[in-house]
1. Given a cut-off of 26 Å, what percent of all Cα-Cα pairs of segment B:251-394 lie beyond it?
2. Give me the inter-chain shielding for A:206-217: mean count of other chain Cβ atoms within 10 Å, whole number please.
3. So what is the relative contact order of segment B:4-130, in percent, for Cα pairs below 8 Å that sit 6 or more residues apart?
4. Sequence neighbours fewer than 8 away in the same chain don't count; with that in mind, list the lysines whose C-alpha is under 22 Å from B:LYS72.
5. Please give the average number of partner chain Cβ atoms lying within 10 Å of the Cβ of each residue in B:313-320, rounded to a whole number.
6. So which lysines can A:LYS69 reach, going by Cα to Cα under 22 Å and dropping same-chain residues fewer than 8 places off?
7. Setting aside same-chain residues fewer than 8 positions from B:LYS200, which lysines have a Cα under 29 Å from its Cα?
8. Report ³J(HN,Hα) in whole Hz for each residue of segment B:230-241, in order, from the Karplus equation J = 6.51 cos²θ - 1.76 cosθ + 1.60 where θ = phi - 60°; Gly and Pro get x.
Amino acid sequence: MSGPELLLWARGTGLQIAVAIFLFGLLARFVELWLLGRKTDLSVARASAVGPGLRTVVSRSLPMPGALKQTPLVFLGGYVFHLGFLATLLFYVPHIHFLRSILGFGWPGLPPFLIDVIGLVTIATLIALLVQRFTDPVRRFLSRADDYVAWTVTFLPLLSGYVAFHRLGTDYTLMLALHILSVELLLIVIPFTKLMHMFTFALARWYNGAIAGRKGVRV
Amino acid sequence: MSTPAERATNAFLEQIDRPTAAFFESCVHCGMCAHACLFYTETGDPQYTPIHKLEPMRRVWEREFTLFGRVKKWLGLSKPLSEAELKTWEPLVYDSCTLCGRCSLTCPVGNDIVYMVRKMREGMVAAGIAPDGLKEASIRAVRVGSPMGVTLQALKAQIAHAEKDVGLKIPLDQEGAEYLLLMSSAEIMQFPEFMGAAAKIFAQAGVSWTLCSTAFEATNSGIQIGSSDIAAQLVQRIVDGAEKLKVKTVISPECGHAYTALRWEGPNLIGRPYPFKVQHILEVLDELRAAGKLQTEGMEEAKLTFHDPCQIVRRGGVVEQPRNLLRMVASNFVEMEDPGIYNWCCGGGGGVSANERAEPLRIKVFSRKKHQLDQLGVSTVVTACSNCRNMLEEGLEHNHMQVSVLSLTEMLAEHLKE
């Protein structure tokens, strides 16, 4: 398959397959989660669970007092990587054009040089986090195949995007095709790995905040 | 006859609910929970990372409740739980976890890790794999009525002593009293001043109260070992006693897990709400203070601090009350680093103090509390849990520290206006 053919397939059939698996996977994960259910708590609540639950969904983005000092790289790396990934995904003008073709509306993008810097910083941060996963005793101890798979499929769209952005390599069309394919790989993998946390984190934080909140504790 | 591993698996299947699944699904292995856990911070051993303590239960969740896990199981790519695996995890889930819940506060995806450790212990009990000390305490609690084997006769002897000490009647089985006071075995046998202190405070406040001959023990070994059956049986005794005496409020004493057991888990364990209120003694005292019924005089001038018992503060929601009360009688009260809901455990909660095997580790991780106290340079640490009190005293002695440990209730009683 030549570069243009591959690009055409990636944008058409490839994308359709990836999105279908992604959506089916998500649906399956949410159904299996929902079916588990939860018992009603019969103890008398000290306070409402709703406010603290919702609050924790947002507030847990901030470190617990003292935690930033203990694991600065995990925190700062975590912030930079998540925000950087979202910025390049949502504010690079060609991405906005692509999303507009699906959603029917768009939004202003960031200037290319800024995307360039953010992309590079994000890539560097991801590499630093991987190195930490290998070297830090706790993170090395906890890491399983799932963690490295998730890292790889998150890293590839950034790397291929960066290469295509700078038109490195000889065949731009091929690079673009590979970039799109890497995103499709990411979509397919999300529902079956820890990357699911991008959806379930809100639920987890909600439960944590609500469980503590009904006891009158703000976590 | 099913194997221990099968029984544990079945217990896990029963325990895993939607929050548990949401937590497991969200974990990204960032390892931050390690830094919130004193068993990691004081030893530097990664095996004490809180989320790792749940691995057997997580595997059951993945294998039985996720699409991918079921496919892997069907293809023979995942192994069922084994007894050896559970035995390996026993020290992790019992010796190195005090159910303090600090990890649940730091997790960036919001996992309530200790909520799951409590569930994991149910599976361990189902498999019959738990520390001997906890098993024995549970058996004594069921058979004798107290994990330390305190009998009604012993209680009556202590009541007689306390009555002589404070010159007040300590009511037993008085129907229609407003408050039913429970006590922990430690309070009855080791710290009997507590009973007298309560008698003095209630006499001054003019409230009616009683002890109950069939429900005097507040502690609940079932909660610690992780057996809902035992826990329910022990809660039921208290409920029966309170209903028999028709009291309005049952007071959970200066004990951490007793409050969790009775206040938060109890109604769920027995499957119905109570016809009475449950309050921690500090809640009652703070209400009396607010109503002007707790009148004190004189101030402790020595620099002192408060050790927050995990189950009362972080997991119980009684945060401001001890501070309000302390300010009444202490002019130089200072907070530790990480106070209130962020406090570090004494190291002996969640059944660790009843587990002899865990003692060297428990003494080792006391270094966190030592550091907190050294920073302040206090001569006194006040607390509101008799188990914390014991752990603090042991740890201080081990480290040759000249710090005295006081009960907040007893301290208030010392300062009552005559």
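Coordinate-derived values only; no laboratory data. Because the structure is predicted, anything quoted here is derived from the model rather than measured. Note: ideal-geometry Cβ built from the backbone for every residue, glycine included; neighbour counts use all protein chains shown.
1. 28
2. Average per residue, whole number: 6.
3. 40
4. Cross-link targets: A:LYS194.
5. Numbers: counts 1, 4, 4, 4, 10, 4, 3, 1.
Averaged over the peptide's residues, the number is 4.
6. Result set, ordered by chain and number: B:LYS369, B:LYS370.
7. Straight-distance partners of B:LYS200: B:LYS156, B:LYS164, B:LYS169, B:LYS244, B:LYS246, B:LYS248, B:LYS277, B:LYS293, B:LYS303, B:LYS417.
8. 5, 4, 5, 4, 6, 5, 4, 4, 5, 4, 4, x
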